[in-house]
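Down below is the structure, laid out as structure tokens.
The values are calculated or read from the model by the stated rules, or taken from the named source; none is laboratory data. Everything numeric here is computed off the predicted structure, so don't read it as measured data. Virtual Cβ from ideal backbone geometry, glycine too; neighbours counted across all protein chains shown.
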Ligand SMILES: [Zn+2]
């Protein structure tokens, strides 16, 4: 098989930053790494710091349409959610494909090489299935393929309209298209998805303990056996309160009782968890995905990242509703929010932060063969310039404290260059975003 090579001024290897690194790629994987090496004539030269490809562990692609449009009138998470449902109501497979393709391309420009799409817009408005019951997930897959990003499609079980202190509430009209009606119907549709490919892997999700009843949780866990499983957990006090009133326990305890906790599970947010919840999550090796830019945008709160990590939970990062798509902002958010609540700096090491943004996310999404620069790993990597107005003067080993998404110059996915000199091979991503948002929110971009 043909090989080609990249020469990196510096690269973040599993042992830390190394200088003058040659990455020799064979097919889709890294054949070998040479450190302190001179470039060879045919090598692609990457100036700056080359990092492993980054994972966006938690995404709802269509939420991107709300960016810069839902501020200035007060409210909270629950009122924001009503505006999000209005966008969901406008989606069909064609519009969903266009929007997701543009959003995924924006992610690749920012250095993201793998996305976990927490997908729940399954059916027509009102809940009737499309001719192909997986038409919407197929649109997401095609969007990822065209944008050149790896995808884990987390097909989400969403059956109830919410949870109050007196029980689950019925789906309201805007939520009906999210539901398959029963766990069995969800599992049957999910298992009829097209098979995995080089770029697409399959996963599953429980929307939350608000949207799936106690008696249904073990059935979802059984249907998802062998797949990565994700769940929104304790993002809001309201969820905890209702769970405590109706079920007499925390959402984490409810998931524990259902046999959901463990290394295959990633809890999204884990913002308002108790000390006992932290012990349960950490003790079972459950992952925790923080989404700092979303959590502050939606006024959720700050989760106990350091405590979860110390207890044994593996931390990863996601941009969730995409008020920002910048993996460096998310990894700094993990550290900066800790600084704000503890009055201490360096709660995480630079290596911890890079690991959260790369390997831990890859692992949470079922791709342990990527997200690290080592022999035999998937050839996914990203170069950040060190000579821009934001990065000039920064030490390479501290680059993640200063760089922003627009400092990414090169993105390689599976040995293919998808972004070069800061430009995506698909073309003008801003234009694609504008056109696709206009389709779901007419007049939005005028
Ligand atoms: Zn979410």
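Results, tabulated for the structure shown:
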| quantity | calculated |
| --- | --- |
| Residue within the range 18-28 that is away from the ligand (no atom under 16 Å from the Cβ), assigned by TED's automatic domain parsing to the domain that holds residue 386, closer than 30 Å to residue 198 by Cβ and within 25 Å of the chain's Cα centre (by Cα) present | yes |
| So residue 123, is it surrounded by 18 or more Cβ atoms within 10 Å (Cβ to Cβ) and assigned to a loop (DSSP other than H, G, I, E, B) | yes |
| Selection from the range 44-81 of residues that are within 16 Å of the ligand (Cβ to nearest atom), outside any loop (DSSP other than H, G, I, E, B) and farther than 30 Å from residue 374 by Cα | 61, 62, 63, 64, 65, 66, 77, 78, 80, 81 |
| Matching option when the condition is at negative phi, away from the ligand (no atom under 16 Å from the Cβ) and either assigned to a strand (DSSP E or B) or surrounded by fewer than 24 Cβ atoms within 10 Å (Cβ to Cβ) (or both), among 101, 95 | 95 |
| Scan of the range 422-446 for residues that are more than 21 Å from residue 139 (Cβ to Cβ) and either surrounded by 15 or more Cβ atoms within 10 Å (Cβ to Cβ) or in contact with a strand residue (DSSP E or B) (Cβ under 6 Å, 6 or more places away or on another chain) (or both), ordered by number | 422 |
| Residue check for residue 203: in a loop (DSSP other than H, G, I, E, B) and not assigned by TED's automatic domain parsing to the domain that holds residue 378 | no |
| Which listed residue is at pLDDT below 95 and either crowded, with 21+ Cβ neighbours inside 10 Å or under 21 Å from the mean Cα position of the chain (by Cα) (or both), from 300, 277 | 300 |
| Positions within the range 385-409 being part of a strand (DSSP E or B) and either under 20 Å from the mean Cα position of the chain (by Cα) or surrounded by fewer than 17 Cβ atoms within 10 Å (Cβ to Cβ) (or both), in sequence order | 408 |
| Selection count where residues are in contact with a strand residue (DSSP E or B) (Cβ under 9 Å, 6 or more places away or on another chain) and within 12 Å of residue 315 (Cβ to Cβ), scope the range 338-352 | 2 |
| Helices (runs of 4 or more DSSP H) fully within the range 315-381 counting 1 or more residues that are buried (at least 24 other Cβ atoms within 10 Å of the Cβ) and within 16 Å of the ligand (Cβ to nearest atom) | 327-342, 359-364 |
| Tally of residues being surrounded by fewer than 16 Cβ atoms within 10 Å (Cβ to Cβ), at pLDDT below 95 and assigned to a loop (DSSP other than H, G, I, E, B) across the range 153-194 | 3 |
| Test: residue 312 is farther than 24 Å from residue 69 by Cβ, within 16 Å of the ligand (Cβ to nearest atom) and free of Cβ contacts under 8 Å to residues at least 60 places away in the same chain | no |
